[in-house]
Amino acid sequence: MSRIWNLVNSHHQEAEVHTLSLEDMPHAVRAAAPERRQSPRTNAYVPLFVYGYDSAKQPFHQDTHTMQVSANGGLVRLDANVRCGQKLLLMNRVTKREQECYVVALTKHAKRAHSHVAVSFTQPAPGFWKTRS
């Protein structure tokens, strides 16, 4: 477990990347934005543990799952308050494989405690989402 925290913490100490989320962009810019995904997403439920730091720089871990996946990332449901550009570590609960990723977009729900968080792997990993060990 300390390897996981050390990996996530290594980015926590680096300079932080700041990008706009879709919510921060004006509606006209969002509507005109081209598709930027490197590979198509498919609906999939993959159980995960997610490790990282929240926006208050407090460590967190969460037992969650994917909603959509691709070879380069996916869409994950998170309760933690995260920001675009920050590093997270995912662990596939079935295969126990780990994968670093960055938050690339998020959608907060006003009436719910969770967000839908789009993540992009630091390196393509199409086999990460396997549901068999």
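The values are calculated or read from the model by the stated rules, or taken from the named source; none is laboratory data. Small disclaimer: the values here were computed from a predicted structure and weren't measured. A quick note on method: Cβ atoms are made from the backbone with ideal geometry, for glycine too, and the neighbour counts reach across all protein chains shown. In case anyone asks, the SASA skips ligands and DNA or RNA and just uses the protein heavy atoms, side chains included. Shrake-Rupley method; radii C 1.70, N 1.55, O 1.52, S 1.80 Å.
Observations
- When we screen 63, 24 for residues that are among the acidic types (Asp, Glu), modelled with pLDDT of 65 or more and surrounded by fewer than 14 Cβ atoms within 10 Å (Cβ to Cβ), the only hit is 63.
- Residue that is open to solvent by 60 Å² or more (accessible area, probe 1.4 Å), out of contact with any Pro (no Cβ under 6 Å at 6 or more places or on another chain) and within 22 Å of residue 42 (Cβ to Cβ), where the choices are 93, 83, 77, 112: 77
- Within segment 97-133, if we keep just the residues that are under 13 Å from the mean Cα position of the chain (by Cα) and β-branched (Val, Ile, Thr), the residue that is farthest from residue 52 (Cα to Cα) turns out to be 107.
- Of the listed requirements (1) of a type in the set (S, T, N, Q); (2) over 15 Å from residue 127 (Cβ atoms); (3) surrounded by 19 or more Cβ atoms within 10 Å (Cβ to Cβ), residue 68 misses just one: (3).
- Residue check, residue 119 part of a strand (DSSP E or B), under 15 Å from residue 73 (Cβ atoms) and either open to solvent by 50 Å² or more (accessible area, probe 1.4 Å) or at pLDDT below 95 (or both): no
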